[in-house]
Amino acid sequence: MIEILKQLVDALEKANRQCSYHNIAPHYAYDEAIEAGKQTIAELESQEPWCMKMNGCKTKCEDCPEKVPQSTWVGLASEDRLTAKYMQDAPDGIEAVIDYIESKLKELNT
(Lines give C-alpha, C1' and ligand atoms only; values in the text may rest on other atoms or scores of the structure.)
Protein backbone atom coordinates (compact mmCIF):
# COMPACT_ATOMS: atom_id res chain seq x y z
CA MET A 1 0.00 0.00 0.00
CA ILE A 2 2.84 2.37 0.84
CA GLU A 3 4.42 1.76 -2.56
CA ILE A 4 1.16 2.66 -4.30
CA LEU A 5 0.89 5.88 -2.28
CA LYS A 6 4.48 6.74 -3.18
CA GLN A 7 3.69 6.24 -6.87
CA LEU A 8 0.61 8.47 -6.56
CA VAL A 9 2.58 11.22 -4.83
CA ASP A 10 5.30 10.99 -7.50
CA ALA A 11 2.68 11.28 -10.25
CA LEU A 12 1.10 14.30 -8.59
CA GLU A 13 4.51 15.96 -8.16
CA LYS A 14 5.30 15.39 -11.85
CA ALA A 15 1.94 16.80 -12.90
CA ASN A 16 2.50 19.80 -10.64
CA ARG A 17 5.95 20.40 -12.16
CA GLN A 18 4.46 20.19 -15.65
CA CYS A 19 1.91 22.86 -14.72
CA SER A 20 4.70 25.13 -13.47
CA TYR A 21 6.82 24.46 -16.54
CA HIS A 22 4.00 25.39 -18.89
CA ASN A 23 3.07 28.49 -16.84
CA ILE A 24 -0.33 27.06 -15.96
CA ALA A 25 -1.91 28.52 -12.84
CA PRO A 26 -0.80 26.69 -9.69
CA HIS A 27 -2.99 23.83 -8.65
CA TYR A 28 -3.45 24.06 -4.91
CA ALA A 29 -5.31 20.76 -5.01
CA TYR A 30 -2.07 19.12 -6.15
CA ASP A 31 -0.17 20.66 -3.26
CA GLU A 32 -2.79 19.53 -0.74
CA ALA A 33 -2.95 16.01 -2.18
CA ILE A 34 0.86 15.71 -2.26
CA GLU A 35 1.13 16.85 1.34
CA ALA A 36 -1.67 14.50 2.47
CA GLY A 37 -0.01 11.61 0.63
CA LYS A 38 3.38 12.32 2.21
CA GLN A 39 1.83 12.51 5.69
CA THR A 40 -0.03 9.23 5.18
CA ILE A 41 3.16 7.52 3.94
CA ALA A 42 5.09 8.79 6.98
CA GLU A 43 2.37 7.55 9.36
CA LEU A 44 2.22 4.12 7.73
CA GLU A 45 6.00 3.73 7.74
CA SER A 46 6.17 4.59 11.44
CA GLN A 47 3.59 1.98 12.43
CA GLU A 48 4.43 -1.52 13.57
CA PRO A 49 3.21 -4.39 11.44
CA TRP A 50 -0.39 -5.34 12.16
CA CYS A 51 0.32 -8.67 13.83
CA MET A 52 2.89 -7.11 16.17
CA LYS A 53 0.27 -4.65 17.33
CA MET A 54 -2.33 -7.36 17.83
CA ASN A 55 -0.06 -9.84 19.61
CA GLY A 56 1.98 -7.28 21.51
CA CYS A 57 5.17 -9.10 20.56
CA LYS A 58 8.40 -7.35 19.63
CA THR A 59 9.67 -9.55 16.80
CA LYS A 60 9.17 -8.84 13.12
CA CYS A 61 6.45 -10.84 11.43
CA GLU A 62 8.85 -12.83 9.25
CA ASP A 63 10.84 -13.85 12.38
CA CYS A 64 7.79 -14.61 14.49
CA PRO A 65 8.01 -17.97 16.29
CA GLU A 66 4.22 -18.21 16.22
CA LYS A 67 4.11 -17.94 12.44
CA VAL A 68 2.03 -20.78 11.04
CA PRO A 69 4.23 -22.95 8.84
CA GLN A 70 3.03 -23.75 5.34
CA SER A 71 1.74 -27.28 5.21
CA THR A 72 2.39 -29.69 2.37
CA TRP A 73 -0.67 -30.61 0.34
CA VAL A 74 -1.71 -34.24 0.69
CA GLY A 75 -3.59 -35.67 -2.27
CA LEU A 76 -5.66 -38.79 -2.62
CA ALA A 77 -3.95 -42.16 -2.41
CA SER A 78 -4.45 -44.60 -5.27
CA GLU A 79 -7.01 -46.61 -3.28
CA ASP A 80 -9.02 -43.43 -2.62
CA ARG A 81 -8.96 -42.64 -6.34
CA LEU A 82 -10.15 -46.16 -7.09
CA THR A 83 -12.97 -45.84 -4.55
CA ALA A 84 -14.07 -42.55 -6.10
CA LYS A 85 -13.96 -44.08 -9.58
CA TYR A 86 -16.27 -46.94 -8.58
CA MET A 87 -18.62 -44.60 -6.70
CA GLN A 88 -19.53 -42.82 -9.94
CA ASP A 89 -21.72 -45.81 -10.81
CA ALA A 90 -23.62 -45.51 -7.50
CA PRO A 91 -27.22 -44.22 -7.51
CA ASP A 92 -26.08 -40.76 -6.36
CA GLY A 93 -23.43 -40.73 -9.09
CA ILE A 94 -21.18 -37.73 -9.30
CA GLU A 95 -22.61 -36.12 -6.14
CA ALA A 96 -21.43 -39.07 -4.07
CA VAL A 97 -17.99 -38.91 -5.67
CA ILE A 98 -17.69 -35.18 -4.98
CA ASP A 99 -18.76 -35.63 -1.35
CA TYR A 100 -16.32 -38.51 -0.87
CA ILE A 101 -13.37 -36.65 -2.39
CA GLU A 102 -14.13 -33.47 -0.46
CA SER A 103 -14.37 -35.28 2.89
CA LYS A 104 -11.23 -37.33 2.22
CA LEU A 105 -9.17 -34.23 1.29
CA LYS A 106 -10.40 -32.39 4.37
CA GLU A 107 -9.40 -35.34 6.51
CA LEU A 108 -5.93 -35.54 4.95
CA ASN A 109 -5.18 -31.81 5.01
CA THR A 110 -6.44 -30.64 8.42
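The values are calculated or read from the model by the stated rules, or taken from the named source; none is laboratory data. Every value quoted in this text rests on a predicted model; they were computed, and no experiment measured them. Ligands, DNA and RNA are stripped out before the accessible areas are found, and what is left, the full protein with its side chains, is counted by its heavy atoms. Shrake-Rupley method; radii C 1.70, N 1.55, O 1.52, S 1.80 Å.
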- Given the conditions (1) part of a helix (DSSP H, G or I); (2) open to solvent by 50 Å² or more (accessible area, probe 1.4 Å); (3) modelled with pLDDT under 80, every one holds for residue 52 apart from (2)
- Query: Among the residues of segment 73-87, how many are of a type outside the set (Val, Ile, Thr) and open to solvent by less than 100 Å² (accessible area, probe 1.4 Å)?
  - Reply: 8
